[in-house]
Amino acid sequence: MSFPKISGILTWIAIALGSSAAGAVMVIAGVFLYLDPQIPSAATYRDLRLQTPLRIYAEDGSFIAEYGERRRIPLPINQVPPLFIRAVLDTEDKRFYGHGGIDFVTLVKSTVQLLANPDEIPPGASTITMQLARNISFTLEQTFLRKFKEMLLAVKIERELDKDEILELYLNVIPFGHRAYGAEAAALTYYGRPLAELDVAEFAMLAGIPQAPSIGNPVSGPERAVRRRNLVLFNMLEQGSIDTETYQRAIAAPNNARLHQRSRDLEAPWVAEWARRQVLERYGRGAYDDSFEVFTSVDPALQEAANRALRNGLVAYDRRHGYRGPERTLTPPPADEGYDEATLDRWARTLQQTPVMGDEVPALVLDFDDEGFDALLADRSRIRVELADMRWARPYLTVNSRGARPDHPGRVVDRGHLVRVNAKAEGGWRLGQVPEVQGALVAIRPQDGAIRAMVGGFDFRQSQFNNAIQAARQPGSAFKPFIYSAALEAGETAASIFNDAPLVFEDANLEAMYRPRNDSGQFGGPTRLRPALYRSVNLISMRVLLKIGASEIIDHITRFGFDAASFPRNLQLAIGGGTMALTPLDMARGYAVFANGGFLVEPWLVDHIDQAQETLFRTQPLIACQRDCQADRRNDRSSNGSVAAILPDELTQAPRVLDERIAYIMHSLLGDVIQYGTGRRARSLERSDLGGKTGTTNEADTWFAGYQPELAAVAWIGFADNRPLGNNEFGSNTALPVWIEFMETALRGVDEFTWDQPPGVVRLRIDPATGAAAGLDQTNAIFELFTVETAPTASRQGTPSEPGATPESIF
């Protein structure tokens with residue numbers, strides 16, 4: 001039998017019994033017997049877990065981002081301002097501390113309204129406890145059935161919880177509109193400040209929202225919200241919670257509410273997005289509002305340094321190639337009429353709808369003269385940009401050419417131009433521009449693969465594509481160290497001689513013979529592998545591949561974690577070209593093998609996931625330990641104690657993929673890239689423990705991959721559509737400055753590391769021309785590193801190593 005029929009029967013019974021107490025008791029008893037099984041236990045409210053959004057943090061707890069439909073920040077009742085509590089109670093339930101869940105005084109009033117208008121269920125009569133029951137356990141639809149359930153559950157709740165516990169729950173669960181649930185979240189959403197910092201007018205505004213959170217909040221329904229606020233203030237005055245002077249001042253206060261995003265401690269949107277995806281893969285979409293807290297491996301100081309370094313590098317490239325003009329043009333009033341308020345308001349709204357990108361702030365040019373231009377910002381403030389701060393803006397012509405340097409502001413801007421400006425450190429503003437070029441910077445800890453910093457582009461609002469983990473591009477010469485390590489493993493040495501001379505290949509599929517060349521267009525003749533690497537000689541890398549064999553090299557480089565399925569099996573493999581495509585994170589993992597002495601670690605971002613102060617998941621990374629992990633924990637063989645600091649209780653040894661002797665020699669070779677070769681700009685860091693390699697591919701990608709034993713970092717710059725960067729853009733002057741700026745901060749306070757020469761490595765004097773052992777009387781001899789198996793002897797002559805090439809290919 002349906003409830004309406006039962007209700008009707010009970011009503012007729014009550015009429016038959018008259019208005020006696022017995023009749024009322026029978027009706028109430030019947031309702032109770034019918035509804036009680038449908039009502040949740042009040043005991044569940046005592047252990048209720050308040051759902052909060054999925055939140056992402058850095059390793060030290062710095063807040064990065066949150067995701068979810070409900071923005072909630074639980075607040076204990078003893079931290080809620082008493083005046084806000086009075087605002088709520090004076091309006092919603094002035095007899096809260098005196099009733100047992102049902103306010104019969106208000107209930108009688110609502111009953112009278114119902115009798116007067118039986119076709120409409122009157123609002124009101126709901127106590128704080130009943131509203132709590134509705135918001136947690138029932139729908140918001142107004143029906144008799146729901147009302148009876150609320151009343152019954154409210155009585156149960158009052159028996160289970162004390163008044164302060166009920167009020168605390170209520171103030172943390174009620175909706176305030178715009179995804180804000182609970183008073184603290186509402187304060188931050190509408191005022192950008194904690195609840196404790198609001199004034200009485202703002203308290204009253206918030207207290208009035210729960211009646212109609214969607215249409216009665218101060219942003220969506222400002223007029224209605226102000227009327228409701230004033231009613232709350234009147235109730236507070238009537239109940240003696242505020243005096244007349246406070247009341248008059250509060251009702252005169254303007255509505256200054258607007259939507260505020262939760263302020264973050266750390267800008268790391270690509271980190272947050274990747275962490276979010278990992279959590280969803282593990283727990284599904286329910287993780288959005290199930291109070292998950294995700295702690296990443298990111299170091300805030302390194303992340304901030306990475307943000308700054310990449311943006312500076314992209315802006316520097318952009319400025320080198322000229323000014324592309326305004327983003328759009330608005331129609332200004334005639335010059336002799338000036339700007340009226342309506343125009344300024346319209347322009348300000350346009351600017352408010354134009355997001356800031358990086359440090360590039362949108363501005364509209366109001367006017368210009370011989371010395372500079374005046375511009376309007378989104379807050380309607382006016383700024384001045386002097387000619388000296390826009391002289392970089394030579395017109396962009398092509399990727400390799402620019403127009404003349406501007407000698408007058410009118411050659412760059414005009415009235416109504418929407419341009420970008422950025423603040424100067426010393427004060428004032430300069431003309432800016434949002435770069436079209438993209439880039440990435442990622443840094444991992446070589447000992448365990450923890451991602452310490454990651455930036456996927458210029459600005460997340462411009463593009464959510466994460467170039468650090470999604471942009472698979474040709475690595476160019478930055479891949480050569482893996483070719484060289486394969487050569488060393490195959491028995492070649494840093495002193496092996498290969499001929500830097502033209503190579504010619506006949507191919508029936510080509511109309512002409514293939515003649516690969518060096519970037520310089522020059523040839524150096526017989527050359528040792530060490531200078532060949534730091535000079536980045538393409539033809540030497542090709543000759544190494546021809547001698548060792550593509551299959552053997554592929555087998556070797558896959559041990560560095562690379563997926564070689566799409567790698568070319570021809571000479572392009574030697575120079576990181578052809579069908580090869582790697583991400584900056586792929587490269588960072590590969591270079592970490594050189595940094596940690598030969599171990600393959602897997603990059604990871606999520607350190608642990610908590611829910612309600614309980615850890616649900618914790619990453620157990622593979623650890624690069626030189627001997628036994630437990631022994632390394634006891635002895636701490638790393639610099640600055642860093643390895644000991646990151647070792648978990650349960651240790652898993654990372655696999656060794658490169659002989660420690662070869663890793664040691666490779667570090668020596670990559671150190672020379674910085675000391676003498678294409679990476680020598682990094683000498684500005686004044687460290688002797690760095691290694692790395694530049695990379696440039698067909699003018700479209702520039703790289704620098706490098707490391708110090710504490711950190712392996714890779715910088716990449718290029719266009720999303722693979723268009724050329726320009727004739728004068730290389731890894732050494734485009735990507736390397738980004739890496740240097742980042743490492744300058746990252747290595748501040750980190751002691752220089754000294755590698756112990758491993759057993760089985762010898763340091764011998766050689767003839768620099770032949771690579772053979774030098775005689776005792778040879779004055780131009782130099783030292784070189786060898787494994788004991790490959791060390792030259794006095795009787796061993798260093799002759800050019802050739803892969804059986806024809807005389808034409810050699811000479």
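The values are calculated or read from the model by the stated rules, or taken from the named source; none is laboratory data. The structure presented is a predicted model; accordingly, all values stated were derived computationally and were not measured. For neighbour counting, all protein chains shown are included, and Cβ atoms are generated from backbone atoms with ideal geometry for every residue, glycine included. With ligands, DNA and RNA removed, areas are computed over all heavy atoms of the protein, side chains included. Shrake-Rupley method; radii C 1.70, N 1.55, O 1.52, S 1.80 Å.
For the reader, a short list of remarks on this structure follows.
- Using a probe of 1.4 Å, the accessible surface attributed to Met151 totals some 30 Å² when neighbouring protein chains are kept in position.
- Solvent-accessible surface (1.4 angstrom probe) belonging to Glu223, in square angstrom, nearest 10: 140 Å²
- Extension gain from Ala253 to Phe234, taking 0.36 nm per residue of separation minus the Cα-Cα distance: 5.4 nm
- Near Ile77: Cβ cut-off under 14 Å, other residues only, Lys/Arg at +1 and Asp/Glu at -1. The net charge is -3.
- Residue separation of Ala316 and Gln675 scaled by 0.36 nm, minus their Cα-Cα distance, works out to 126.8 nm of gained length.
- Heavy-atom accessible area with a 1.4 Å probe sorts Val762, Val365, largest first, into Val762, Val365.
- Efficiency of FRET from Cβ geometry, Tyr97 and Arg324, R₀ 51 Å, rounded to 0.05: 0.15
- Using a Förster distance of 35 Å, the FRET efficiency for Asp777-Arg517 (Cβ separation, nearest 0.05): 0.30
- Relative contact order, percent, the stretch 317-412 [alpha-carbon distance under 8 Å, six or more residues apart]: 29 percent
- Burial order of peptide ranges 595-602, 425-432, 412-419 (average beta-carbon count within 10 Å, highest first): 595-602, 412-419, 425-432
- Stretching Glu552 away from Asn400 to a fully extended chain increases their span by 50.7 nm, per 0.36 nm per residue minus the current alpha-carbon distance.
- Phi angles of the stretch 168-175 translate, via the Karplus equation with coefficients 6.51, -1.76, 1.60 and θ = phi - 60°, into HN-Hα couplings of 4, 4, 4, 5, 9, 10, 5, x Hz per residue; Gly and Pro are given as x.
- Peptides 732-741, 475-484 ranked from most to least packed by the mean count of surrounding Cβ atoms within 10 Å: 475-484, 732-741.
- In a DSSP loop and with at most 16 other Cβ atoms within 10 Å, the chymotrypsin sites (Phe, Trp or Tyr not before Pro) in the stretch 275-361 are Tyr339.
- Accessible surface ranking that places the most exposed of Arg70, Arg311 first, with a 1.4 angstrom probe: Arg70, Arg311
- The mean sequence distance of close C-alpha pairs (under 8 Å, at least 6 residues apart), as a share of the length of the stretch 543-597, puts its relative contact order at 33 percent.
- The Cα atoms of the stretch 694-766 give a gyration tensor whose axes a ≥ b ≥ c have a/c of 1.5 or more with a/b no greater than b/c, which makes the shape oblate.
- Pairs of Cα atoms nearer than 8 Å and 6+ residues apart set the relative contact order; for the stretch 412-511 it is 13 percent.
- Burial order of peptide ranges 663-671, 212-220 (average beta-carbon count within 10 Å, highest first): 663-671, 212-220
- Computed accessible area, Thr398, all protein chains, 1.4 angstrom probe, square angstrom: 70 Å²
- Simple label model, 7 Å out from Cα along Cβ direction - Phe63 to Ala564, nm: 4.9 nm
- Between Asp265 and Asp414, the FRET efficiency from the beta-carbon distance, with R0 = 41 Å, is close to 0.50.
- Shape call, the stretch 228-325: gyration tensor on alpha carbons, a/c limit 1.5: oblate
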